Amino acid sequence: MEAMGVLMTYPMSSYLEQQLQNRFTLFRLWNLPNKTHFFNHNAHNIQAVVGSTHIGADPELIDSLPALEIVSSFSVGLDKVDLAYCKEKGIRVTNTPDVLTDDVADTAIGLILATLRRICEDDRFVRSGLWKKDEFKLSVKFSGKKVGILGLGRIGTAIAKRAESFNCSISYHSRSEKPESKYKYYPSVIKLASNCDILVVACALTEQTRHIINREVIDALGPKGVLVNIGRGAHVDERELVSALVEGRLAGAGLDVFEHEPQVPEELFGLDNVVVLPHVASSTVETEMAMADLVVGNLEAHFLKKPLLTPVV
Amino acid sequence: MKNIRSIDPLSWCGFGINTKRDAINRPIGNRLHTYISSNLYNFGSVQFIILMGSQHHDRCPSSQPPQVLVIRPPPVFTVHEQYISNKFHILKAYDSALPTHDFLQANAQFVKAVLCSGNGPITADVLRDLPALQLVVSTTTGVNHIDMAECRKRGIKVTNIQDVFSDDVADVAVGLLINVMRRITGGHKFVRGGCWPVTEQYPLGSKLGGKKIGIVGLGNIGSKVATRLYAMGCIVSYTSRQIKDSPFTFYPNVLKLALDSDALILCCALTNDTRHMINNKVMMALGKKGIIVNVARGAVIDEAELVKCLVEGEIGGAGLDVYENEPNVPKELFGLDNVVVLPHSSACTNECFQDAAEVAIGNLEAFFANKPLITPVTNDF
């Protein structure tokens, strides 16, 4: 299998990089002095692309790799992979579901607590020596609040299970109602936002969900509402979100993702009711290994002509 | 409340005898229709009926609400002073230029109830200055700031706010564990510091699911922490003074628990047995990847030893809400990115302060109405 060429699009994991290096001929799409030269010399030797949430496989990349057979994404979200084009071209696509569900759900809860209970802000308060002089602000209780989940897939369900242990009431909006679910369904995201204290974005990014959190939804969530985003930055109209937070029309936000990562609107940095993370919802040692093993496992299965482990296309 | 239409003439004798004590000897006014929550009080050969205008004092505008002493203002009182002061006459020792002892000697000899929290300990000395005291109302759950033995001896009842804060404290305990293991505060600072576009990769955190979490003290708070962590896929165990009716594994002592845990969450009361219970031996048993979360009391941990272990990498990290000498926090902790420090704020939410004020008021009202207290502290707390 060492003869198989794999193109890694981004240095998303050194463990993954090592695993790919050990098994295949690994090509790296970053730090290239001359991309054209690279593709001219190597494209015909590349059978697989390993993509990430940063750089996936768009039509331009797919067209530049005539020998491409499979795209194995180091993510569960596939918004950076042109699935329709892959299907058209007969290119297989895999992702990394399930192994990261718990970590992402934990991050959602962690962001809710950090935002509502002012954990990051109070840590700053103590470290700056203010505790001896000033009063700190009271925070907002999490237990018992109404949590609205946008997207009740694996991750949304895991978030709901955790929030229930905090005695929260759970409601959701999804593409379709899930009759087997015990949670309250709202037919629109605005109705969901109007009826919850904390709105968590946990759906896939598609054309339908781009900017699904817009001005109207933010207004519906209201000045006591908190938004938590562990989906994709593009789920939220970021400019509207920033204005709402700066103007106090939203009580707070916990954000792991942004529209133009790694750029984050600087207006957010001065707000003590906003917690910002560098897209780390699945970034643990254990899950990184599990995701990498799944990527490698899918590639090996493909090259050995065995059934793929987690195929999407 | 009973509507007393006729009053024992002897009761009128009690009025005006002790002119030093404004708190008690308020003239009943011209109105006899007073709602009396009576408290027959023997003082030598003279009987007093202490007339308390309670929540119906608006019907007797000249009668005063019952007196409650505050030596140092509890944070709950500070936030809800107006609300509480509408119901009781607050005797503020902290407003006086006199030292506490002198103030109490001069003004509080007939005080029956005191409202307090950790910043104003009710020590044996304080109790000695309050000979008429019958009730200590704490706006906290912990009562280690009250000399419970002395109260028991004197028959002084103590109330706390029992379960009111336990959700909030449990929430912060879980929030701190996630925060430390998943590097949330570190990640937040990384982004705010403008580092993300430059460095791009932030160090990996540690997954919670499957980790063994040892809860020290499975009371109201500990059991809520357990439920939340169980829902996150943690393997939960505990140690407590006695084994509980609980689905989680019991360990007979904290050392054994630490040996078998990835993290310890301290949720126990501070007593003589638990003081410095988390010592060097326990921390070594927890190990280099071990995390300690403390939402109990600072003195449950040997703080100097904790700092040493963290600085030297003998344990993996800590989430702390409490310290041995608040508001002083060991400066060595500030340089560590695997430590999160909070200002004893785990119970400080808008909702809880409101609830705590209601419980404190409820206990005071019950006391002055001779009704059963709402949240008395039992002997085995």
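Quick notes on this structure:
- Residues (in a helix (DSSP H, G or I) and within 21 Å of A:L116 (Cα to Cα)) located in the stretch B:321-356: B:N350, B:E351, B:C352, B:F353, B:Q354, B:D355, B:A356
- Screening B:Q242 against (1) in a loop (DSSP other than H, G, I, E, B); (2) within 24 Å of A:A158 (Cα to Cα) leaves a single unmet condition, (2).
- Qualifying position, being β-branched (V, I, T) and farther than 24 Å from B:G187 by Cβ, among A:V280, A:V236, A:V313: A:V313
- Selection count where residues are modelled with pLDDT of 95 or more, away from chain A (no Cβ under 12 Å) and surrounded by fewer than 24 Cβ atoms within 10 Å (Cβ to Cβ), scope the stretch B:218-227: 0
- Residue in the stretch A:193-209 that is within 14 Å of chain B (Cβ to nearest Cβ) and touching a residue at least 12 places away in the same chain (Cβ under 8 Å) present: yes
- Within the stretch B:228-236, the presence of at least one residue that is more than 7 Å from chain A (Cβ to nearest Cβ) and under 30 Å from B:E358 (Cβ atoms) is confirmed.
- Among the residues of the stretch A:236-265, those identified as part of a loop (DSSP other than H, G, I, E, B) and either in contact with a helix residue (DSSP H, G or I) (Cβ under 9 Å, 6 or more places away or on another chain) or over 16 Å from A:G222 (Cα atoms) (or both) are A:D237, A:R249, A:L250, A:A251, A:D256, A:V257, A:F258, A:E259, A:E261, A:P262, A:V264, A:P265.
- Selection count where residues are facing chain B (nearest Cβ under 10 Å), crowded, with 18+ Cβ neighbours inside 10 Å and not small (G, A, S), scope the stretch A:272-313: 11
- Annotation for the stretch B:260-280: no member residue is part of a helix (DSSP H, G or I), without any contact (Cβ under 8 Å) to a residue 60 or more places away in the chain and either of a type outside the set (S, T, N, Q) or within 25 Å of B:G210 (Cβ to Cβ) (or both).
- Extreme residue, farthest from the other protein chains (Cβ to nearest Cβ), among residues of the stretch A:99-146 that are of a type in the set (D, E) and closer than 17 Å to B:V339 by Cα: A:E121
- Considering the stretch A:147-167, the residues that are at the interface with chain B (Cβ under 7 Å from one of its Cβ atoms) and within 19 Å of A:L227 (Cβ to Cβ) include one that is farthest from the chain's Cα centre (by Cα), namely A:F166.
Table: residues versus (1) small (G, A, S); (2) more than 10 Å from chain A (Cβ to nearest Cβ); (3) over 14 Å from A:W131 (Cβ atoms); (4) touching a His at 6+ places or on another chain (Cβ under 9 Å).
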| residue | (1), (2), (3), (4) |
| --- | --- |
| B:V322 | no, yes, no, yes |
| B:N328 | no, no, no, no |
| B:V341 | no, no, no, no |
| B:T349 | no, no, yes, no |
| B:C352 | no, no, yes, no |
| B:A356 | yes, yes, yes, yes |
| B:V359 | no, yes, yes, no |
| B:A366 | yes, yes, yes, no |
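- If you go through the stretch A:14-34 and keep only what is modelled with pLDDT under 95 and within 16 Å of A:G297 (Cβ to Cβ), you end up with nothing.
- Scanning the stretch B:193-224 for residues that are touching a strand residue (DSSP E or B) at 6+ places or on another chain (Cβ under 8 Å) and in contact (Cβ under 8 Å) with a residue 60 or more places away in the chain gives B:S206, B:V216, B:G217.
- Members of the stretch A:168-177 that are modelled with pLDDT of 95 or more, assigned to a loop (DSSP other than H, G, I, E, B) and either more than 14 Å from every other protein chain (Cβ to nearest Cβ) or over 26 Å from the mean Cα position of the chain (by Cα) (or both): A:S174, A:E177
- Selection from the stretch A:3-25 of residues that are crowded, with 17+ Cβ neighbours inside 10 Å, in contact with a strand residue (DSSP E or B) (Cβ under 8 Å, 6 or more places away or on another chain) and aliphatic (A, V, I, L, M): A:M4, A:V6, A:L7, A:M8, A:L16, A:L20
- The listed residue being in contact with a Leu (Cβ under 6 Å, 6 or more places away or on another chain), modelled with pLDDT of 95 or more and not acidic (D, E), out of B:L115, B:L91, B:L104: B:L91
- Checking each residue of the stretch B:225-234 against the condition of being assigned to a loop (DSSP other than H, G, I, E, B) and among the aliphatic types (A, V, I, L, M) gives at least one match.
- Looking only at the stretch B:158-207, and only at residues there that are among the acidic types (D, E) and within 29 Å of the chain's Cα centre (by Cα), the one that is surrounded by the fewest Cβ atoms within 10 Å (Cβ to Cβ): B:D163
- Counting the residues of the stretch B:309-321 that are touching a residue at least 12 places away in the same chain (Cβ under 8 Å) and either surrounded by fewer than 19 Cβ atoms within 10 Å (Cβ to Cβ) or not hydrophobic (A, V, I, L, M, F, W, C) (or both) gives 7.
- Condition check for A:L227 on (1) more than 17 Å from the chain's Cα centre (by Cα); (2) away from chain B (no Cβ under 14 Å); (3) surrounded by 24 or more Cβ atoms within 10 Å (Cβ to Cβ): one failure, at (1).
Table: residues versus (1) more than 11 Å from every other protein chain (Cβ to nearest Cβ); (2) out of contact with any strand residue (DSSP E or B) (no Cβ under 7 Å at 6 or more places or on another chain); (3) closer than 30 Å to A:L16 by Cα.
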position	(1), (2), (3)
A:N214	yes, yes, no
A:H235	yes, no, yes
A:R239	yes, yes, no
A:V242	yes, yes, no
A:H260	no, yes, yes
A:E267	yes, yes, no
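- For the stretch B:322-331, the condition of being in contact (Cβ under 8 Å) with a residue 40 or more places away in the chain and surrounded by fewer than 23 Cβ atoms within 10 Å (Cβ to Cβ) holds for none of the residues.
The values are calculated or read from the model by the stated rules, or taken from the named source; none is laboratory data. Values in this document were obtained by computation on a predicted structure and should not be read as measured data. Note: ideal-geometry Cβ built from the backbone for every residue, glycine included; neighbour counts use all protein chains shown.
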